[in-house]
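Engineer: Here it is, the structure, as structure tokens.
The values are calculated or read from the model by the stated rules, or taken from the named source; none is laboratory data. Worth saying up front: this structure is predicted, and the values here are computed from it rather than measured. Cβ atoms come from the backbone with ideal geometry, glycine included; neighbour counts cover every protein chain shown. Keep in mind that these areas ignore ligands, DNA and RNA; they rest on the heavy atoms of the full protein, side chains included. Shrake-Rupley method; radii C 1.70, N 1.55, O 1.52, S 1.80 Å.
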Amino acid sequence: MTTATRPSRRRTRWPGRAGHLFVAAYVVLLVAFGVVPTVYAIYFAFTDAGDRFAGVANFVEAATDFRYFSAVGHVALYLLCWLVSLVVFVVGLALVLHRLTSRAAGTALRLFYYIPGALAGAASVLVWLFMLDPSVSPVSFLLRASGFDTFGEVVAPGHLPVLFTMIAFWTGAGGWIVVMYGALNTISPDLLEAARIDGAGTWQTAWRIQIPLLRKWIVYMVILAFAGGTQLFVEPQLLSQASVGVAGRDYSLNQLSYDFAFQNDNVNTAAAISVELLVIGVVVAGVFVARSGFFDAD
Amino acid sequence: MTAPAPGARRSGQRRRRSAGLVLGVAAVLAAVTACGNGGSGTGAESGFQPVQQTGGPLTVWVDSTRLPAAQLYQKQHPATKLNIVTYDGDANGSNYLQTKVSLFNRTRSGWPDVVFSTQNNETSWAVQAGFTAPLNKGQIPDATLSGWAPGANDPCTVDGTLYCLRNDLAQTVLWYNASLMQQWNYQVPKTWEEYQALGQRVATEHPGYLVGTAGDNFTPEIYLWAAKCGANEITGPKAVKVNTTSPACTRMATLLDTLVANRSMSTSSVFSSDFDKNSGDKILMLPGPSWFGGSIFQESLKTPKGQIGVAPMPQWAGETAPSVGNVGGGTWLLSAHSANLKDAADFLTWVTTAPDYQGQVAPGYPANTGAAKAWLAKQTASGYYAGDITGPLQTAAAQVWPGWGYGQFSQEAIWAATVTTGQTAGKTIVSLLPDWQKAITDYAKSNGYEVSQ
């Protein structure tokens with residue numbers, strides 16, 4: 001009797017001990033580098049330089065800056081290009097990869113897709129700066145064939161959403177393709193075979209079986225890509241440096257926030273923009289999670 | 001097995017869903033806040049009160065070009081311990097210094113004792129942020145300070161107090177290829193009218209050759225500053241007068257448009273790889289700052305010895321007062337937080353005046369007149385240039401038009417984002433002058449300036 005009750009008492013004292021230990025380190029880091037800075041930013045957003053409560057004055061100041069609405073427009077346009085291309089190409093390429101019958105080709109392609117993501121963010125942007133300059137680019141013939149003879153012509157303001165999408169896709173999509181490939185592997189072969197016996201072709205299998213079963217992974221990708229996309233910064237900032245100001249100096253909201261903090265010495269308004277980005281990210285994530293049943297058990 | 005009651009199942013789903021929402025929100029919160037901002041500066045513009053002077057090593061921030069200066073000082077002054085840090089020198093308006101000072105102000109430590117910056121407008125924020133120490137209030141003797149070229153330290157002066165020392169001047173002159181001029185029997189133009197006429201001749205007689213470039217970010221400083229275009233007159237600590245559509249501006253903009261149209265003027269930057277490749281050996285004339293000789297012709301384009309000459313910048317016909325523009329010329333700042341002001345001031349004085357550095361090693365025309373003489377003597381002795389460079393450079397050093405100031409907002413960045421992009425889209429500079437006016441006004445206002453016309 002005694003031996004039978006002892007383990008259960010131990011479990012009662014600290015149920016799920018291993019699980020707690022696993023997440024403890026993450027929670028500490030999350031609090032230190034996620035929650036505390038967020039609370040600090042929210043404090044700044046509602047106070048002035050003298051630490052007095054400022055209501056929404058910082059938000060009004062940000063919104064009345066002449067660059068604000070153009071930055072909102074730039075980020076919105078970029079998000080549209082980025083999210084659409086991400087979903088379409090990542091899912092499409094993962095499906096193609098999954099259909100490859102050659103194991104060696106599949107492995108090689110997965111590695112190939114993943115490599116750009118392994119480059120640090122700023123380094124991969126620098127690679128693109130070379131690619132986009134017709135005088136040094138290894139694909140200058142393509143640029144010239146498209147009518148671009150100088151770097152200035154390539155980085156014209158109208159081209160920036162597409163350029164940033166290309167850079168972001170190249171640096172970030174490879175990992176997602178590998179994730180989607182893994183997700184496709186979890187679909188039971190019996191299900192796919194049943195579909196085939198019922199007469200479904202490649203397209204129908206993908207559209208009616210595989211993509212619906214990938215829904216949660218796609219939602220997860222969109223939530224993270226959206227939050228990352230609203231924080232667009234490195235690409236325009238580096239492009240701005242490389243083009244000596246021709247492109248992207250205050251293109252995105254994050255750059256505007258950076259300018260407020262370090263050009264105008266106005267951290268309160270900078271924090272207000274950061275808080276806006278936080279609210280947008282949280283609301284959109286909430287809507288996606290709620291509408292997709294993301295956390296429902298299957 | 002007992003199936004859970006329907007109510008319990010719904011409740012479980014709700015809990016999972018709420019937990020999911022909380023987790024989702026937390027994940028997004030963490031992702032979004034990873035880029036949170038922090039820190040703001042302090043405004044300490046009032047009287048200077050040094051911190052307790054405890055001595056100790058000097059922390060000196062320099063760019064890679066000024067690294068030999070700090071190293072040479074260390075060699076000649078072994079008793080002073082230097083902690084030399086290289087950074088980008090705020091090149092291309094990177095705002096690195098301002099960013100770091102803003103953070104140091106918040107953490108109340110970390111400021112360097114002496115900083116070199118390639119930007120002339122650092123005092124526009126550094127004084128307000130309480131970073132810079134006044135230099136003409138006992139730190140550096142007036143007799144030493146009187147050795148700078150007239151107007152050289154204007155960018156460093158706020159309300160009569162000097163807050164930095166100019167390292168080098170970047171007065172503009174007319175660089176030209178003396179060999180080609182002689183070969184083609186052309187006269188070096190003395191007026192802008194002659195300059196334009198020569199550009200039109202070059203376009204027909206020697207297509208492909210250039211009389212200048214209008215594709216740099218400092219195009220406004222080379223041409224429109226020299227033309228006395230009042231686009232950037234700083235009239236007070238936070239006041240600027242902007243008028244980009246005056247006859248002085250439109251006349252020069254028309255000249256640029258004319259020469260760009262006939263392709264005798266490039267629309268590439270002298271620093272771009274395509275300029276180097278396509279136009280490097282096709283330069284007949286190139287109006288530009290004093291540092292073009294070393295940086296562009298000698299280092300970048302590797303123009304052979306004995307070809308490049310210097311002439312005064314052209315003037316409009318009938319003008320009596322000559323004027324030139326200015327493109328850069330770095331500054332040295334002394335930190336108000338330094339606990340070793342004596343050694344810091346000594347370093348500052350040495351680095352800006354010593355013939356060993358400014359005369360022999362420095363790449364640009366020194367702002368200190370004594371050092372400038374030594375520098376000119378060395379350049380002349382090198383035999384690289386064709387003809388006399390001393391006269392035109394010395395004369396131009398005192399001719400920089402004072403109607404163009406050094407505000408906190410970057411004129412180069414505004415020009416690049418407004419006029420250069422417009423030019424790339426096929427518009428003329430004249431047609432872009434109102435856009436330029438609006439952009440300067442907008443940026444000035446967002447930096448807290450009062451704007452007048």
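Engineer: In nm, give the distance between the simple-model label positions of A:Phe141 and B:Ser64, each being 7 Å from the Cα along the Cα-to-Cβ direction.
Structural biologist: For the pair A:Phe141/B:Ser64, the computed spacing is 3.3 nm.
Engineer: Sticking with this one: Skip the ligands, DNA and RNA, and give the accessible area per residue of the range B:49-112 with a 1.4 Å probe, whole Å². Please list the in-between numbers first.
Structural biologist: Details: 3330 Å² over 64 residues.
Spelled out: the 1.4 Å probe surface of the range B:49-112, per residue, equals 52 Å².
Engineer: While we're on this one: Within the accessible area of the range B:105-244, what % is carbon and sulfur when the probe is 1.4 Å and the other protein chains stay in place?
Structural biologist: 46
Engineer: Averaged across A:240-251, how many Cβ atoms of other chains sit within 10 Å of each residue's Cβ atom? It would help to have the intermediate numbers written out before the result.
Structural biologist: Values: counts 5, 5, 1, 7, 12, 13, 11, 4, 1, 6, 4, 1.
If you average over the peptide's residues, the count of other-chain Cβ atoms is 6.
Engineer: Let me ask you something else. If you take each beta carbon of peptide B:268-280 and count the beta carbons of other chains within 10 angstrom, what is the mean? Don't skip to the answer; put the middle values down first.
Structural biologist: Details: counts 5, 6, 0, 1, 7, 7, 8, 2, 1, 2, 3, 0, 0.
Counting other chains' Cβ atoms within 10 Å and averaging over B:268-280 gives 3.
Engineer: Scaled to the compact-protein estimate 2.2 N^0.38 Å, what is the alpha-carbon radius of gyration of the range A:124-261, rounded to two decimal places? List each step's numbers first, then the result.
Structural biologist: Numbers: Rg = 20.3 Å, N = 138, 2.2 N^0.38 = 14.3 Å.
In units of the 2.2 N^0.38 Å rule of thumb, it is 1.42.
Engineer: Counting only DSSP beta bridges with both residues in chain B, tell me the antiparallel percent, nearest 5. Don't skip to the answer; put the middle values down first.
Structural biologist: Numbers: 26 of 41 bridges.
Here the share of antiparallel DSSP bridges comes out near 65 percent.
Engineer: Further question: Give me, ordered by chain and number, the residues 5 or more places off B:Lys81 or on other chains with an amide H under 5 Å from its own placed amide H.
Structural biologist: Sorted by chain and number, the residues that satisfy this are B:Leu58.
Engineer: Given the options A:Val31, A:Val154, A:Val56, which has the most mean-square fluctuation in a GNM of chain A, springs set between C-alpha atoms less than 10 angstrom apart?
Structural biologist: Largest GNM mean-square fluctuation: A:Val31.
Engineer: Continuing with this model, one more query. Given R₀ = 45 Å, what would the calculated FRET efficiency be for A:Val279 paired with A:Ala105, taking r from the Cβ atoms and rounding to 0.05? Intermediate results must be reported in sequence, preceding the final value.
Structural biologist: On the way: r = 45 Å, r/R0 = 1.00.
Once rounded, the FRET efficiency stands at 0.50.
Engineer: Please compute, for peptide B:86-96, the average count of beta-carbon atoms on other protein chains lying within 10 Å of each residue's beta-carbon.
Structural biologist: Working: counts 0, 0, 1, 0, 0, 1, 5, 6, 2, 4, 1.
Per residue, the number of nearby Cβ atoms from other chains is 2 on average.
Engineer: If you don't mind, there's one more thing I want to ask. Rank B:Leu284, A:Leu129 by accessible area, highest first, at a 1.4 Å probe radius?
Structural biologist: Details: B:Leu284 0, A:Leu129 20 Å².
So the residues, ranked largest to smallest area, are A:Leu129, B:Leu284.
Engineer: Right, another one. To the nearest 20 debye, what is the magnitude of the charge dipole of the range A:142-271 about its Cα centre, counting +1 on the Cβ of each Lys and Arg and -1 on the Cβ of each Asp and Glu? Walk me through the intermediate numbers first.
Structural biologist: Working: 6 positive and 9 negative charges, 69 e Å.
Result for the range A:142-271 is approximately 340 debye, rounded to the nearest 20.
Engineer: Using a 1.4 Å probe and ignoring any ligands, DNA or RNA, find the accessible area of B:Glu299 and quote it in Å² to the nearest 10.
Structural biologist: Probe radius 1.4 Å; accessible area of B:Glu299 about 120 Å².
Engineer: If you don't mind, another one. Output ³J(HN,Hα) for the range A:185-192: one whole-Hz value per residue in order, computed from phi by the Karplus curve 6.51 cos²θ - 1.76 cosθ + 1.60 with θ = phi - 60°, and x for Gly and Pro.
Structural biologist: For the range A:185-192, the Karplus curve yields 5, 7, 6, 4, x, 4, 5, 5 Hz.
Engineer: Check B:Ile283: other-chain or 5+ apart residues with amide H under 5 Å from its amide H, H built from backbone geometry?
Structural biologist: B:Leu210
Engineer: In terms of Cα to Cα distance under 14 Å, which aspartates and glutamates are near enough to B:Lys302, apart from those fewer than 8 places away along the same chain?
Structural biologist: B:Asp276, B:Asp281
Engineer: Mind checking which lysines have their Cα closer than 25 Å to the Cα of B:Lys137? Skip sequence neighbours fewer than 8 apart in that chain.
Structural biologist: In chain and number order, the partners are B:Lys238, B:Lys342.
Engineer: Shifting gears a bit: Can you tell me the relative contact order of chain A? Whole percent, Cα pairs under 8 Å, sequence separation 6 or more. Display every interim value, and only then the final one.
Structural biologist: Details: 285 pairs, mean separation 78.8, N = 298.
With pairs under 8 Å counted, the relative contact order is 26 percent.
Engineer: Can you compute the FRET efficiency between A:Ala156 and B:Lys302 using 1/(1 + (r/R0)^6), with r the Cβ-Cβ distance and R0 = 41 Å? Round to the nearest 0.05.
Structural biologist: On the way: r = 31 Å, r/R0 = 0.77.
Computed FRET efficiency for A:Ala156 and B:Lys302: 0.85.
Engineer: Can you work out the accessible area per residue across the range A:240-298, with the rest of the protein chains kept in place, probe 1.4 Å, in square angstrom? Working shown, then result.
Structural biologist: Values: 1870 Å² over 59 residues.
I get 32 Å² per residue for the range A:240-298.
Engineer: Measure off, as a whole percent, the carbon and sulfur share of the 1.4 Å-probe accessible area of chain A, all protein chains present. The partial results should precede the final answer.
Structural biologist: Numbers: 10890 of 15690 Å².
Solvent-exposed carbon and sulfur of chain A make up 69 percent of the total.
Engineer: At 0.36 nm per residue, and after removing the present C-alpha to C-alpha distance, how many nm does the segment from B:Lys277 to B:Gln200 gain when stretched out fully?
Structural biologist: Numbers: separation 77, 0.36 × 77 = 27.72 nm, distance 2.34 nm.
Gain on stretching B:Lys277 to B:Gln200: 25.4 nm.
Engineer: I would also like to ask the following. Pairs B:Lys190/B:Lys373; B:Lys241/B:Lys427; B:Lys228/B:Lys305; B:Lys190/B:Lys445; B:Lys373/B:Lys427; B:Lys100/B:Lys427: which are spaced more than 32 Å apart, C-alpha to C-alpha?
Structural biologist: Values: B:Lys190/B:Lys373 25 Å; B:Lys241/B:Lys427 26 Å; B:Lys228/B:Lys305 34 Å; B:Lys190/B:Lys445 39 Å; B:Lys373/B:Lys427 44 Å; B:Lys100/B:Lys427 39 Å.
Exceeds cut-off: B:Lys228/B:Lys305; B:Lys190/B:Lys445; B:Lys373/B:Lys427; B:Lys100/B:Lys427.
Engineer: Which of the aspartates and glutamates could a cross-linker span from A:Lys216 if the Cα-Cα distance has to be under 14 Å and same-chain partners fewer than 8 positions apart are dropped?
Structural biologist: Partners within reach: A:Asp296, A:Asp298.
Engineer: Let me ask you something else. Could you do me a favour and compute the accessible area per residue for the range B:208-306, 1.4 Å probe, result in Å²? Present the calculation step by step, with values, prior to reporting the outcome.
Structural biologist: Working: 3370 Å² over 99 residues.
Spelled out: the 1.4 Å probe surface of the range B:208-306, per residue, equals 34 Å².
Engineer: Roughly how tilted is helix B:192-205, in degrees to the nearest 10 and between 0 and 90, from the longest Cα axis of chain B?
Structural biologist: Tilt of helix B:192-205: around 90 degrees.
Engineer: Given the protein assembly as shown, what percent of its DSSP beta bridges are antiparallel, to the nearest 5? Please report the intermediate quantities before stating the final value.
Structural biologist: Details: 27 of 42 bridges.
Roughly 65 percent of the beta bridges in the protein assembly as shown run antiparallel, per DSSP.
Engineer: Right, another one. Need one number: buried accessible surface between chains B and A, 1.4 Å probe, both sides summed, DNA, RNA and ligands left out, in Å² to 100. Write out the running numbers ahead of the final one.
Structural biologist: Numbers: alone 20540 and 17720 Å², together 34180 Å².
Buried area (both sides, nearest 100 Å²): 4100 Å².
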